[in-house]
Each structure stands twice: as structure tokens, then as C-alpha cells.
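Engineer: Dropping the structure in here first, questions after.
The values are calculated or read from the model by the stated rules, or taken from the named source; none is laboratory data. The structure displayed is predicted, hence computed values, not measured ones. Heads up, the Cβs are rebuilt from the backbone with ideal geometry, glycines too, and the neighbour counts pull from every protein chain shown. When the accessible area is computed, the model is the full protein with side chains, heavy atoms only, and any ligands, DNA or RNA have been set aside. Shrake-Rupley method; radii C 1.70, N 1.55, O 1.52, S 1.80 Å.
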Amino acid sequence: MNQQDSLVHSYLFLRRAIGFIGVLLPFVVVAGSLLAGDGLLDSISGYYYSPMRNVFVGAMCAVGVFLLSYRGYDRLDNTTSAVAGFAAIGVGLFPTTPEGGHSSLQGVVGVLHLVFAALFFLPLAYFCLVLFRKSDKTRPTVRKKQRNRVYAVSGAVILACLALIVLVNLFPDTGLHPALWLESAAILAFGFAWLTKGEAILGDLTPNPV
């Protein structure tokens with residue numbers, strides 16, 4: 001294997017690792033917390049205050065490190081990846097405001113958590129809608145076009161979920177945990193997009209770094 005092939009395989013592994021973490025995270029934290037005897041919480045971030053805290057924080061920090069290591073097509077892509085990476089780590093280390101009573105410091109940290117969450121998800125939508133759909137070929141392969149459709153749907157799902165999360169928070173709590181399901185959908189869309197970028201889904205029929 002030459003150096004170029006080695007770099008291609010490294011990037012595919014990196015993308016797949018990010019994707020697998022994204023796809024597994026909602027299932028692992030929710031199922032793990034339920035098995036530990038806790039009920040459903042109002043958000044994925046709320047599992048910081050559950051027995052799955054270390055899993056949540058570790059997953060977000062791992063995604064952050066992977067994103068910081070990622071390199072795109074140009075400086076804007078790299079900057080976007082770095083912002084998303086730092087934000088992912090921030091989401092893990094600055095927990096959401098706990099349910100019920102909280103101190104003023106916890107309230108401030110909770111606001112920072114929301115800022116980091118926005119700075120995490122918005123770049124992910126950019127990855128799906130812009131960065132991942134780029135190509136260095138004048139005529140993309142059939143598989144590339146198929147992957148582009150996955151990216152477009154994933155980006156749209158992320159943006160729609162963010163908008164709906166803001167909307168549902170304007171209404172009284174119904175006990176149905178809508179933010180939890182919307183956050184899970186956004187994270188799953190992010191995970192599937194990265195698995196597709198890593199060619200674990202819709203991979204080229206012949207080795208291709210695009």
C-alpha cells in the first residue's frame with residue numbers, strides 16, 4: 001500500500017468512526033439509562049446527569065477530536081471542522097442545565113451548552129449540504145450522486161430538527177420528550193452522513209477517495 005492509499009484508508013476510517021459514534025450514541029445512552037433504572041430524559045444532553053454521563057462526555061469528546069483532525073477542501077472547510085470539533089467538546093464538558101432547581105452557575109453553564117450545541121449542529125448541516133457534496137471530478141459517479149442525496153436529506157433533517165427543538169421549547173412540557181427524539185434524529189442524520197462519506201454506505205464499486 002502506497003502513501004496515498006494509506007491516507008485514503010485513514011480518512012475513510014476517520015469518517016466511519018465519527019459516523020458510528022453518531023449512530024450509536026442515542027441508542028446507547030437511552031438504553032443504558034433505562035437498564036440502570038432511570039426513565040426517559042428530556043434531551044440527549046440531559047443524560048449527562050444519568051449513569052451514562054461518561055459515555056455521553058466520552059462520545060462528544062471523541063467526535064470533537066476526530067473533527068479537529070479532519071481536513072476538507074479549503075481553509076473554510078477546515079475552519080468549519082475545527083469550530084464543530086471544539087463545540088462538540090464544549091457540549092460534553094459544559095452540561096445542559098439540570099431539570100428542576102439549579103444554581104446560577106449551572107444556569108450560565110447551561111447557556112454555554114446551548115451555544116456549543118448550536119456551533120456543533122450548524123457546521124454539521126454545512127458539511128452535509130455543502131462540503132460533502134463537493135467533488136474533484138467533472139462527472140461524478142452514480143454512487144457519488146446517490147451519496148449526495150443522502151447528504152442533502154441528512155442536512156435538511158438536521159436543520160429541521162434544530163428549528164423544531166426551538167419551537168417545542170416554546171410550549172408547555174407534554175411529557176412526550178419531543179426534544180429528545182428531535183435531538184436523536186439530528187444526531188442519527190449526522191451519523192449516517194459521515195458513514196456515507198466514509199463509504200460504509202453506498203461505497204464506490206472501485207476504490208475512490210471522493
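Engineer: ³J(HN,Hα) across the stretch 23-30 via Karplus (A = 6.51, B = -1.76, C = 1.60, θ = phi - 60°), whole Hz, x for Gly/Pro?
Structural biologist: 5, 7, 3, x, 5, 5, 5, 5
Engineer: Still on this structure, please answer the following. Give the Kirkwood hydrodynamic radius (Å, one decimal) of the stretch 90-162, defined as one over the mean of 1/r across all pairs of different Cα atoms. Display every interim value, and only then the final one.
Structural biologist: Values: mean 1/r = 0.0695 Å⁻¹.
Roughly 14.4 Å, rounded to one decimal.
Engineer: Taking Cα atoms, how many degrees apart are the long axis of helix 104-126 and the longest axis of the chain, rounded to 10 and kept between 0 and 90?
Structural biologist: Value to nearest ten degrees: 20.
Engineer: So, one more: For THR141, list long-range residues whose amide hydrogen, built 1.01 Å from N in the peptide plane, is under 5 Å from its own amide hydrogen.
Structural biologist: Answer set, sorted by chain and number: none.
Engineer: What's the ranking of 94-107, 146-159, 184-197 by average number of surrounding C-beta atoms within 10 Å, highest first?
Structural biologist: Values: 94-107: 13.2, 146-159: 18.9, 184-197: 24.2.
The packing order, highest mean first, is 184-197, 146-159, 94-107.
Engineer: From Cα pairs below 8 angstrom and at least 6 apart in sequence, can you work out the relative contact order of the stretch 25-124, rounded to a whole percent?
Structural biologist: Numbers: 121 pairs, mean separation 23.1, N = 100.
Here the relative contact order equals 23 percent.
Engineer: For the stretch 89-98, what does the Karplus curve 6.51 cos²θ - 1.76 cosθ + 1.60, with θ = phi - 60°, yield as ³J(HN,Hα) per residue in whole Hz, taken in order and with x for Gly and Pro?
Structural biologist: Computed from phi, the couplings for the stretch 89-98 are 5, x, 4, x, 8, 10, x, 5, 5, x Hz.
Engineer: Here is a follow-up. Can you pull the Rg over Rh of the stretch 8-108, Cα-only, Kirkwood?
Structural biologist: On the way: Rg = 15.5 Å, Rh = 14.8 Å.
Rounded to two decimals, Rg/Rh equals 1.05.
Engineer: Compute the long axis of helix 142-168 from its Cα atoms, compare it with the longest principal axis of the Cα atoms of the chain, and write down the angle in degrees, 0 to 90, nearest 10.
Structural biologist: In the chain, helix 142-168 runs at an angle near 20 degrees to the longest axis.
Engineer: Would you mind working out the accessible area per residue for the chain, using a 1.4 Å probe, and quoting it in Å²? List each step's numbers first, then the result.
Structural biologist: On the way: 10910 Å² over 210 residues.
Normalised by residue count, the accessible surface of the chain is 52 Å².
Engineer: From the backbone phi of the stretch 45-57, what are the Karplus-calculated ³J(HN,Hα) couplings (6.51 cos²θ - 1.76 cosθ + 1.60, θ = phi - 60°) in whole Hz, Gly and Pro given as x?
Structural biologist: For the stretch 45-57, the Karplus-derived couplings read 4, x, 6, 4, 9, 10, x, 9, 3, 5, 5, 4, 5 Hz, x marking Gly and Pro.
Engineer: Then there is this: Could you check how much of the accessible area of the chain is carbon and sulfur, as a whole percent, using a 1.4 Å probe? Each step should come with its number before you reach the end.
Structural biologist: Numbers: 7390 of 10910 Å².
Carbon and sulfur atoms account for 68 percent of the accessible area of the chain.
Engineer: Go from 0 up to the bin containing the longest alpha carbon distance in the stretch 33-168, width 10 Å each, and give me the % of pairs per bin.
Structural biologist: Bins of 10 Å from zero give 12, 33, 34, 16, 5, 1 percent of pairs.
Engineer: What percent does the relative contact order of the chain come to when contacts are Cα pairs within less than 8 Å and at least six residues apart? Let's see the in-between values first.
Structural biologist: On the way: 266 pairs, mean separation 59.2, N = 210.
Relative contact order here is 28 percent.
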